[in-house]
Structure formats: C-alpha cells, structure tokens
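The values are calculated or read from the model by the stated rules, or taken from the named source; none is laboratory data. Quick caveat, the model's predicted, so the values are computed rather than measured. Quick reminder, even Gly has a Cβ in these numbers, built from the backbone with ideal geometry, and neighbours come from all protein chains shown. Heavy atoms of the whole protein, side chains included, go into the accessibility calculation; ligands, DNA and RNA do not. Shrake-Rupley method; radii C 1.70, N 1.55, O 1.52, S 1.80 Å.
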Amino acid sequence: MTAAKSWRGHMGEVLDTVRGFDVLECQTCAFKHIVPIPTPQDIDGVYRHEYYSTDKPQYLEHAREDAEWWDTVYADRYDTLEQMLPPKRRRLLDLGSGPGSFLAHGSRRGWRTIGVEPSRQAAEYSRSLGQEVVEDFLTPEIARQLGAFDAIHANEVFEHLPDPRAMLGTLRDLLAPGGVLCVCVPNDYSPIQATLRDACGYAPWWVAPPHHVNYFDGDSMEGLLTSARFDVVLREATFPIDLFLLMGENYVGDEELGRRCHGLRKTLELNLVAGGRNDLKRRLYRSLAEVGIGREVVLYAVGPVTDPETRGRP
Ligand SMILES: [Zn+2]
C-alpha cells in the first residue's frame, strides 16, 4: 500500500523513496517527479562545475570512444529534421549541448548551430571543436538574445529540469513558426523496469535524485509537450539496453559490464547501418516506442503554427 503525498501544490502517490526524495505520480503535473523539487540554486554549481568531472568523469572519454556510433544516432535526428523543414531552414539550438558533438555533426551538414551548456568543461571542449556555445543555463533573458531557430534539440535535458513546463514555454518562444523541437528523455517506470522489479527483485536504480528530477515515458512527455501547445508528430525509442538485465546480465553498478552491453548494442546498430538497413532500425525503434519499450524515448514536435499546411510531417 503506497501513501499519497502533497508538496507545494504537487500531489500524488509516492512510488519510491531514494536518498530522502519521494518520487510522486504527480496529478498536478501529469508526470512523475521527485519532491522536494530542487531549486535552480541547488543544482547550479553541480552543472556548472561538477557534472562532467565528478558525476560523469568518463563522459568525455566515452564520447570520443563512441564517436562513430553517435554519428549514426545524430544522422537519424538531422535526417528527420531535414525531412520536416524546407532546405533553407537550417538554424539549430542544442539545449544542454554537452561536449558539442551534436553541434559539430550539424555544422558538417550545413546547419548553423549554437549550443547552450552550463558546464565549463563541456563548453570549453565544444569550443575546441570550433563550436559556438553559450556557457550558461537557458533562461528567458538569455533566450531573448539568441533570436529564432528552425529546430531545437534537447538530449537528456528534461529529466534534469526543476520546471520543465516553464522551459517548454521558453523554447516555444525561440522557435520560428513551424519549427521543430526534438526531445530525448529516459523512458522510466517502463514495462521492462517493472518486470525487473517484479520478477528479479531489482531496486529502482533509475531513480537518481537530485540530478534526475522528472521520470517521463513516451505518453507523459508527449502530454507535457501537447499541453505546452506543441504537436508531436513522431515518437521513437532508443535501444532497450535493459533487455540485458532481463537476460541475466546485471550491469547495474558494474561499469565494465555496462560498457560491454553498450558495445553489443553499438555493434547491432552499426551492422544494420553498414548493411543498408538503417530504415529497418528506425522502424524497429518506432515499433518499440509504440509498446513503451526502449531505454529512452525520442519525440519530434512542431511548435505552434497558424497555417496547418505548413506543418511538416516526416
Ligand atoms: Zn508535480
């Protein structure tokens, strides 16, 4: 029997309690998030100075190791954006641009790109790649100085935000009419995770406060986008890496095994690409998204448009 809880207008059933934070099935927000919600001040220093050095020390090293595979992931995203937008609309903002590899990929394809990234280390690395980065959090004040964009990309950002609804308002104002927002978030409290709890006794390892504030799935992320007046036109999954756990390979807390499982996933995807079957890969991941499977969910949404005919669908 789980208890209901309310905190500053947020209320719902408590799903889990980890390190003093309760995960709420929030009825107010219509998605799951922790309470208490960290304040922007609570997390400011973490993302500016510690995130890539203390919390993700190997992130930049792995990014280099995985560069060929990341290129295939990014190619899919740019392919989709290019299908949805006319050829002259190629101005992109990458929110939480990390080490800048998504920006660099876009530059090579002829996009005009800029990143917003609070981590000094990641911003400096991006600049070493020749990429333009605003080293800060995206606030409405900073947004006003940036101008308008045809596309905005936010990879693994929304799970970290204390107020994701407010951020969507800021992004909506930054998008030119008919512009496209691509959001990738972890798919949490998924059927695979539920099975691992029920059948194998796993603790909810995916609950990671205070960094992960929000726990979305495809439906709740789409609901949030829709409520912010975005029109979701495509939903894809990423590889369901947690299938390895169901197959008995427990990589939770085992970095070496985790990298090995990730390597197998890379091999699978790179072989599909090399064999000319990228389209099969993408159709497979769209099917997985339909049944709620996939470690992450990737949503493409069109900003508010006045003329429905200008609305791009891939
Ligand atoms: Zn809430």
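Numerical summary
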item	result
Qualifying residues in region 1-47 (those that are assigned to a strand (DSSP E or B), among the small types (Gly, Ala, Ser) and open to solvent by 40 Å² or more (accessible area, probe 1.4 Å)) - the one farthest from the ligand (Cβ to nearest atom)	Ala4
Hits in region 226-248 - residues which are part of a loop (DSSP other than H, G, I, E, B) and buried (at least 16 other Cβ atoms within 10 Å of the Cβ)	Ala228, Phe230, Thr238, Phe239, Pro240, Ile241, Asp242
Boolean, Gly258 is small (Gly, Ala, Ser) and closer than 23 Å to Glu159 by Cα	yes
Qualifying residue in region 135-144 (condition: within 15 Å of the chain's Cα centre (by Cα), among the aliphatic types (A, V, I, L, M) and either more than 23 Å from Gly258 (Cα to Cα) or part of a helix (DSSP H, G or I) (or both))	no
Pairs, first in contact (Cβ under 8 Å) with a residue 40 or more places away in the chain in region 5-17, second within 10 Å of the ligand (Cβ to nearest atom) and of a type in the set (S, T, N, Q), C-beta under 9 Å, six or more apart	none
Selection within region 249-261 - open to solvent by 30 Å² or more (accessible area, probe 1.4 Å) and not in a loop (DSSP other than H, G, I, E, B)	Glu255, Glu256, Arg259, Arg260
Identity of the residue in region 279-297, assigned to a helix (DSSP H, G or I) and open to solvent by 40 Å² or more (accessible area, probe 1.4 Å), that ends up farthest from Asp79 (Cα to Cα)	Glu290
Subset of region 94-130 [part of a loop (DSSP other than H, G, I, E, B) and either closer than 17 Å to Asp66 by Cβ or open to solvent by 60 Å² or more (accessible area, probe 1.4 Å) (or both)]	Ser97, Gly98, Pro99, Gly100, Arg109, Leu129, Gly130
Scope region 169-202; condition over 15 Å from Phe216 (Cα atoms) and assigned to a helix (DSSP H, G or I); matching residues	Gly169, Thr170, Leu171, Arg172, Asp173, Leu174, Thr195, Leu196, Arg197, Asp198, Ala199, Cys200
Lone unmet requirement of (1) in contact (Cβ under 8 Å) with a residue 24 or more places away in the chain; (2) more than 13 Å from the chain's Cα centre (by Cα); (3) closer than 23 Å to Ala63 by Cα for Cys184	(2)
